[in-house]
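The values are calculated or read from the model by the stated rules, or taken from the named source; none is laboratory data. Predicted model only: the values in this text are computed from it and were never measured. Cβ sites come from the backbone with ideal geometry, for glycine too, and all protein chains shown count toward neighbours. What goes into the accessible areas is simple: the full protein's heavy atoms, side chains included, and nothing from ligands, DNA or RNA. Shrake-Rupley method; radii C 1.70, N 1.55, O 1.52, S 1.80 Å.
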Amino acid sequence: MAIDKARAEAAIREFLIAVGEDPDRPGLLETPDRVARAAQEVLGGYDEDPSLHLRKQFHENDNEEMVIVRDIPFSSLCEHHILPFTGKAHVAYIPHEGRITGLSKIARCVNGYARRLQLQERLTAQIADAMMAELRPRGVLVVLEAEHMCMTMRGVRAAGALTTTSAVRGSFRSDIRTREEALRLLGL
């Protein structure tokens, strides 16, 4: 989905007028263009299938040991208020038949899905489902921790409050010991 830059600029200009600003004053003259360009960058995840990053795979014969990538930074926009939420993703998986992916590919997958209007719950599930579909591992555990500006800047104004979501698939769901091991290794 390519952003219609001219339409976005016109909408931002109208927004500035709606909140009582003068879009023609010096400090705001280029704001509609800047916001439209920022939207192209921040919402660039619509222009890709983030799961495709996981198709870069390697075979490590007989490797079925847990792989964990923790503290993957991400930023997204809440679809309810179009305000940012930022945090860290933690991804664990157990390979099947030695099928593993590059660690950076997991981070690329996380950030591809994050660069859309999102809900943290959906983002968590999308990452887990992509891992399951592309790697066909024994199991996947995805945990996201994020601070939502819609809670920090407005409403309850609970600065510093973190929201934690998890998506549990395969052996992490069926074997509590495996899930507990992963959570312990993640420090959660």
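The figures follow:
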item: Listed residues 46, 113 arranged by accessible area, highest first, probe 1.4 Å; result: 46, 113
item: Region 1-154: relative contact order as a whole-number percent, Cα under 8 Å and 6+ apart; result: 26
item: Positive-end extreme of charge dipole, the chain - chosen from 172, 113, 100 (charges on Cβ); result: 172
item: MRE, 222 nm, helices only [DSSP H, n ≥ 4, -39500 (n - 2.57), over the chain, to nearest 500]; result: -11500 deg cm²/dmol
item: Residue 164-residue 19 pseudo-label distance in nm [points 7 Å out on the Cα-to-Cβ vector]; result: 3.4
item: Potential lengthening between residue 61 and residue 4 on full extension [0.36 nm per residue; Cα-Cα distance subtracted]; result: 15.8 nm
item: Radius 11 Å from Cβ of residue 172, net charge of other residues (Lys, Arg +1; Asp, Glu -1); result: +2
item: Built amide H within the under 5 Å cut-off of residue 138, gap 5+; result: 94, 96
item: Portion, in percent, of the accessible area of the chain that falls on carbon or sulfur, probe 1.4 Å; result: 52
item: For the chain, radius of gyration divided by Kirkwood radius, i.e. Rg to Rh on alpha-carbons; result: 1.08
item: Two-decimal log10 I(q)/I(0) for region 76-184, as the Debye equation yields it once each C-alpha is a single scatterer, q = 0.11, 0.15, 0.22, 0.24 Å⁻¹; result: -0.37, -0.65, -1.13, -1.26
item: Distribution of pairwise C-alpha distances over region 18-77, 10 Å bins, in %; result: 14, 27, 24, 16, 11, 7, 2
item: Accessible-area order (highest first, 1.4 angstrom probe) of the listed residues 122, 136, 169, 177; result: 177, 136, 122, 169
item: Cα centroid separation, region 131-188 to region 34-96 (Å); result: 13
